[in-house]
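The values are calculated or read from the model by the stated rules, or taken from the named source; none is laboratory data. The structure presented is a predicted model; accordingly, all values stated were derived computationally and were not measured. Here the Cβ is made from the backbone with ideal geometry for all residues, glycine too, and neighbour counts use every protein chain on show.
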Amino acid sequence: MTPKFHHFNTLRKPVITEKSYTATSKANQYTFRIAPDASKVQVKAAIESIFEVQVEKVQVINVPSKPKRRGAQSGTRGGYRKAVVRLVEGQSLEVAEEA
């Protein structure tokens with residue numbers, strides 16, 4: 001397995017919300033869903049390798065699952081893990097740019 005393929009397995013998809021757009025414009029931060037077993041070091045290496053930018057800081061958040069109901073049926077919405085990545089000043093990603 002090539003290292004670049006491993007980096008693509010670490011990052012699942014970008015999180016596109018109003019809050020993430022605000023963080024992008026104000027603090028140069030980008031949010032991604034990541035693999036459940038990914039560490040900060042692996043996320044930093046994946047971002048730097050795939051997008052060829054320098055990462056200043058990585059914060060990892062575990063979003064817990066939530067109970068949900070639909071009529072008599074009950075279940076849970078799956079939890080996930082996400083990372084907030086701050087880039088060095090002057091750099092940006094084209095992943096979550098506004099149209």
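Which pairs do you get when a residue that is surrounded by 15 or more Cβ atoms within 10 Å (Cβ to Cβ), found in segment 49-63, comes within reach of a residue that is among the acidic types (Asp, Glu) and not in a loop (DSSP other than H, G, I, E, B), reach meaning Cβ atoms under 9 angstrom, with the pair 6+ apart or on two chains?
VAL55/GLU48
Can you find a residue that is among the aliphatic types (A, V, I, L, M) and either surrounded by 14 or more Cβ atoms within 10 Å (Cβ to Cβ) or touching an Asp or Glu at 6+ places or on another chain (Cβ under 6 Å) (or both) anywhere in segment 24-35?
Yes, segment 24-35 contains a residue that is among the aliphatic types (A, V, I, L, M) and either surrounded by 14 or more Cβ atoms within 10 Å (Cβ to Cβ) or touching an Asp or Glu at 6+ places or on another chain (Cβ under 6 Å) (or both).
Can you tell me which residue within segment 69-95, out of those that are closer than 20 Å to PRO36 by Cβ, of a type in the set (Gly, Ala, Ser) and part of a strand (DSSP E or B), is modelled with the highest pLDDT?
Taking the candidates together, the pick is ALA83.
Got a number for residues in segment 16-62 being of a type in the set (Val, Ile, Thr) and touching a Lys or Arg at 6+ places or on another chain (Cβ under 8 Å)?
Summing the residues that are of a type in the set (Val, Ile, Thr) and touching a Lys or Arg at 6+ places or on another chain (Cβ under 8 Å) in segment 16-62 gives 7.
Of the residues that sit in segment 44-93 and are touching a Ser or Thr at 6+ places or on another chain (Cβ under 6 Å) and aliphatic (A, V, I, L, M), which one is nearest to ARG12 (Cα to Cα)?
ALA46
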